[in-house]
Every structure is written in C-alpha cells, then in structure tokens.
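Data block below; observations after.
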Amino acid sequence: MPNNQALLKRFMDEASIRNTIARFADSATRFDTDMFRTVWADDGEFIIGHAAHGQSATGVDDIVAMLRRVRAERDFFVQFALPGVIDIDGDEATTRTFCHEAARGPGKTYYRNHCIAFDRLRRAGDGWVFASRSFQYLWLDTSPFTGDAFPLLPTVAAG
C-alpha cells in the first residue's frame, strides 16, 4: 500500500495535469496565445483530426501559429474539456481528454465536434506541459446553427 507521501505526490501531479488541460481550454476559448504557449513543451506536437483531413504543428511557435490560424476571424469559439484517466510514470503522463467544441465564422462557417484528445505530458518544473496532443474526432458537424455570439468582456484574470 502506498505511503501518504506517495499518495499526496500523485494527487498533486493529477491536479497539476488537470490544470494544464483546463488552461488549454481556457486559453483556446479566450484566444489567449500567451497562456496557450505556457501549456506546451518547446518540442511539443499538436495534431487536429485525421491525417487526410487534419492539420498538425511541431514546436511551440508553430503550435501557437496554428492556433492563430484556426481561431482567426471566429465570431465565437468555445471548448469544454473533461479530463479522463491519467496515468503517471515518473516525469511522463498520458491522459485521454473528452472535448466538445463549437465555433462560428468567418462568415457563414460553422463547426461543432466531440473528440478525444490523446495527451502525452511531461513534468516541467512544478507543473506539466503537453509533449503531444492529438484530437481524434468522434463527431463533426459543419451545418449552420442558430444563436447570437457575444464578445468576451474583460474580467479579472484567474492567475
């Protein structure tokens, strides 16, 4: 049976990994490229979709540039992320994160999906960063939807 010190370390690592996942969703939704940059390893890899219909980037600068491309001119974008199982092996971890995204724009383009993000993370100082994140679509809908988009108002930042 693990000792209390080992259980506390595991709990803190899991909380930090969940925070990295939350910071990804928050920064992508708010289009905060500075925060988005902090969740990636310098040599990280980000893959969206399947090879034939997807896109990918390697290295934090290319990953941030890809976010700028996919978020450019959107009237609305939101990502909801639910971390699944977290497996930690020393300074590396894997997770599956279940996501739902919706976006509108530019123009009359629409996008909704449910996907699983297959994540590999590595320890970085006191926290964790993505070494690899690969979104596999389970459902994708590009048909028009109704509703109004509202600009995100500035608020007090959540540290």
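The values are calculated or read from the model by the stated rules, or taken from the named source; none is laboratory data. Note that this is a predicted model, so its numbers are computed, not measured. A quick note on method: Cβ atoms are made from the backbone with ideal geometry, for glycine too, and the neighbour counts reach across all protein chains shown.
Do we have ALA28 as in a helix (DSSP H, G or I), free of Cβ contacts under 8 Å to residues at least 60 places away in the same chain and under 27 Å from LEU152 (Cβ atoms) here?
In short, yes.
If a residue must be at pLDDT below 95 and hydroxyl-bearing (Ser, Thr, Tyr), how many such residues does the stretch 95-109 contain?
Final tally of qualifying residues: 1.
Being surrounded by 14 or more Cβ atoms within 10 Å (Cβ to Cβ) and over 18 Å from ARG23 (Cα atoms) is the filter; apply it to the stretch 77-111 and report the residue that is nearest to the chain's Cα centre (by Cα).
Checked the stretch 77-111; the qualifying residue nearest to the chain's Cα centre (by Cα) is ALA103.
Give the residue that is nearest to GLU92 (Cα to Cα), with candidates limited to residues of the stretch 31-57 that are in contact (Cβ under 8 Å) with a residue 40 or more places away in the chain and among the β-branched types (Val, Ile, Thr).
That would be VAL39.
Inside the stretch 72-159, counting only strands (runs of 3 or more DSSP E) that do not spill past its ends, which hold 3 or more residues that are of a type in the set (S, T, N, Q)?
Here the list reads 92-104, 127-141.
List, please: which pairs have Cβ atoms under 7 Å, are six or more places apart or on different chains, and start with a residue in the stretch 1-25 that is over 20 Å from LEU67 (Cβ atoms) and free of Cβ contacts under 8 Å to residues at least 60 places away in the same chain and end with one that is part of a helix (DSSP H, G or I) and β-branched (Val, Ile, Thr)?
Matching pairs, first to second residue: none at all.
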